[in-house]
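Here is the structure we will look at.
Every number in this text was worked out from the coordinates using simple rules, so none of it is lab data. In this text the structure is predicted, and so the values were computed from the model without any measurement. Ideal geometry is used to build each Cβ from the backbone, glycine not excepted, and the neighbour counts take in all protein chains shown.
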Amino acid sequence: MLSAATVRFAEQIPPSMREIFSMTPDEATHDPTTAGINSPGVQPVGDRISDTSAIVLSIDAGTTGVRTLAIDASGTKVGWAYQEFAQYFPQPGWVEQDAREIWNAVLGTLTDVINQLDRPARVAAIGITNQRETTIVWDRNSGEPLHRAVVWQDRRTAARCDELKAAGVEPMVRAKTGLVLDPYFSATKLEWLFTTGGVTADENTLFGTVDSWILWNLTGGPDGGVHATDPSNAARTLLFDIGLRAWDDELCELFSVPPSCLPAVSASSGRFGVTRPETAAGLTVPVSGIAGDQQASLFGQACFAPGATKNTYGTGSFVLMNVGDVMPKVVDGILTTIAWQIGDEVTYAAEGAIFVTGAAIKWLRDGLGILKDSAEAGPMAASVPDTGGVYLVPAFAGLGSPYWDPYARGTVVGMTLGTTSAHVVRAVVEAMAYQTKDVVDAMTAATETPLELLHVDGGASVMDLLCQFQSDLLSAEVRRPVVQETTAMGAAFLAGLAEGVWDSLDDITAAWQLDRAFRPQPSAGATADGYAGWVRAVERSRAGPPTDQLPDLLTFSGRVEHLFDAPYRLVDSLLVFHQSEAHKTFASRTETDTGRYGHIGFFHQPNGKVQAPK
């Protein structure tokens, strides 16, 4: 279980691997007092601050912890703190958090940062960024959560998503939301809470993603707290029409969600409300920026032009491409989402969501014990020239873009007696790049926009090995910024832009600084050749629905040339069957002697014989 205590970042998380598990860990300090800090007061609504000494705070609530960051008008960090909170796993595939623990981490880190600031420091605004899709319900009057938060990684509603797909509603959902029917998003989680979860939906029940929960508490909670969110978070719920930019009645009815529980939706950069000193470490300042963590990262990387693309290597990885102010056509494999809204202008993004990248490093450390410290991953991976033919597909929570397969499971292939722990660690690092290529290839095909440059951030991006491997694999330049905390920076920029700390997007672009650029090496062809092995490994991870959800099937092992005109052999000792809805058969992926792949379907016949479908 993760520690909930606030600790010094240098003692808790190695600088070389910060953010790798939550996308937002940073240096943390803790002092429970607030002495010596003057409440800076609030500018009247509509006034804009023009003060180069202004400070903007960013609350970055990630998947495993909360970081609060303070930056000045030049974009320089002047204070930060980090505090972890626990994750709970009541059943396989279920991931929960305690919303009260999240709030306590917010308040603790906010207090720490305020105590770090010089007495004359002027806090102009607060921005919030957050793990998206995580679903919280609470009581309007008491302020108490009505259930543990159901985290974005949670897969408990996979069967419900299958039911909805079978009912034929996914095209409608895709057209309105830009998303797919997957447990990843909030709506089926919320539906589960209101049914199986035992939460009663009445006039006092409030729903929100993590940003809404934090905003509500900062601005007073039961005593007049603001219940709101921004379009980038609303767009991740499966309840929001991203074209009309409004909650959709048809979707609410589909998922049995009463509209009365939904938060108001306001522009990402703009004044949401004002903090109460008793719930905000003594501060009375405007909360003026909110964005989901990946959209905030896109903003923090100054990806303001259409085609600009970033990837964050955190707990998972998320590739976002700015696609401009017109909602693009929805395409298979890639999500369409809202990046941010400034005033009345909306920017859209194409997104590929990868569920597990940095979390696989944590698994190597905590699950297998291969690593004693996360910081060992980079050096250990670099200690061998390649993986020795090992591929590790970290489908521990299914596969996201472009496969959207909730039944895929973590798979290791290619191990021999010569395989060492270093080969396995390198396979995990390379899997981050391979999964990114899966997404980028699908995204560039869908948008017809070739990728020439990729901005990277997140904890794993500190590994030169990963960045160079990614550049070689994509045949594109990879740029890493000096300031890795781009998620928190993005939220701060949105808040400061609303309050006049920065006057324009050009000012924000000027604050972005390059650490290092990685360009494809002459040996990149060998890296590309390795991608074919990755594709085969992914196919082996996709075993289809659990056997208790399939009709009676005949499984067997051995060579099967006698059944077919062409010589086939098994990839593994057991054929794994996949449902093909188009033909209502079950098919397995097998390999021919020439290395090509084909699908072979089988029926379980009453006479016990295996028959190939016609």
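Things to note:
- Under 5 Å, built H, 5+ apart or other chain: amide partners of residue 146: 137, 138, 139
- Positive-end extreme of charge dipole, the stretch 119-193 - chosen from 173, 187, 152 (charges on Cβ): 152
- The stretch 158-205: GluC sites (Glu not before Pro) in DSSP loop, at most 11 other beta carbons within 10 Å: 203
- Most tightly packed first, judged by the mean number of other beta-carbon atoms within 10 Å of their residues, the peptides 274-282, 450-458 read 450-458, 274-282.
- The phi-based Karplus calculation (6.51 cos²θ - 1.76 cosθ + 1.60; θ = phi - 60°) puts the 3J(HN,Hα) values of the stretch 453-469 at 8, 10, 7, 10, 7, x, x, 6, 5, 5, 7, 4, 4, 5, 4, 5, 4 Hz, whole numbers, x for Gly and Pro.
- With 0.36 nm allotted per residue and the present C-alpha distance subtracted, the residue 382-residue 244 stretch has 44.8 nm of extension available.
- Whole-Hz ³J(HN,Hα) from phi, Karplus 6.51 cos²θ - 1.76 cosθ + 1.60, for the stretch 74-91, glycine and proline x: 7, x, 8, 6, 10, x, 7, 8, 9, 9, 7, 9, 6, 10, 10, 10, x, 8
- Taking amide H as placed 1.01 Å from N in the peptide plane, residue 454 has its amide H under 5 Å from the amide H of 477, 478, 479, each at least 5 places away in sequence or on another chain.
- Once you divide the Cα radius of gyration of the stretch 271-341 by 2.2 N^0.38 Å, the number left is 1.43.
- Diffusion coefficient, µm² s⁻¹, Stokes-Einstein with Kirkwood Rh over alpha-carbon pairs of the stretch 80-234 at 37 °C and 0.692 mPa s: 192
- Under the combined filter of DSSP loop state and at most 14 neighbouring Cβ atoms within 10 Å, the stretch 271-375 retains these trypsin sites (Lys or Arg not before Pro): 329, 372.
- Spin-label pair residue 329/residue 86, simplified geometry with 7 Å Cα→Cβ offset, distance in nm: 5.1
- Two-site label geometry, residue 264 and residue 453: point separation in nm, points 7 Å out along Cα→Cβ: 3.9
- Electrostatic dipole magnitude of the stretch 143-226 [Cβ: Lys, Arg +1; Asp, Glu -1; Cα centre; debye, to 20]: 340
- Estimated vicinal HN-Hα couplings, Hz - the stretch 187-198 in sequence order (Karplus 6.51, -1.76, 1.60; Gly, Pro = x): 4, 6, 5, 5, 4, 4, 4, 7, 10, 4, x, x
- Across the stretch 113-152, Cα-Cα pairs more than 14 Å apart make up 68 percent of the total.
- Cross-link pairs exceeding 24 Å between alpha carbons, from the set 165/310; 189/329; 77/310; 77/372; 165/362: 165/310; 189/329; 77/372; 165/362.
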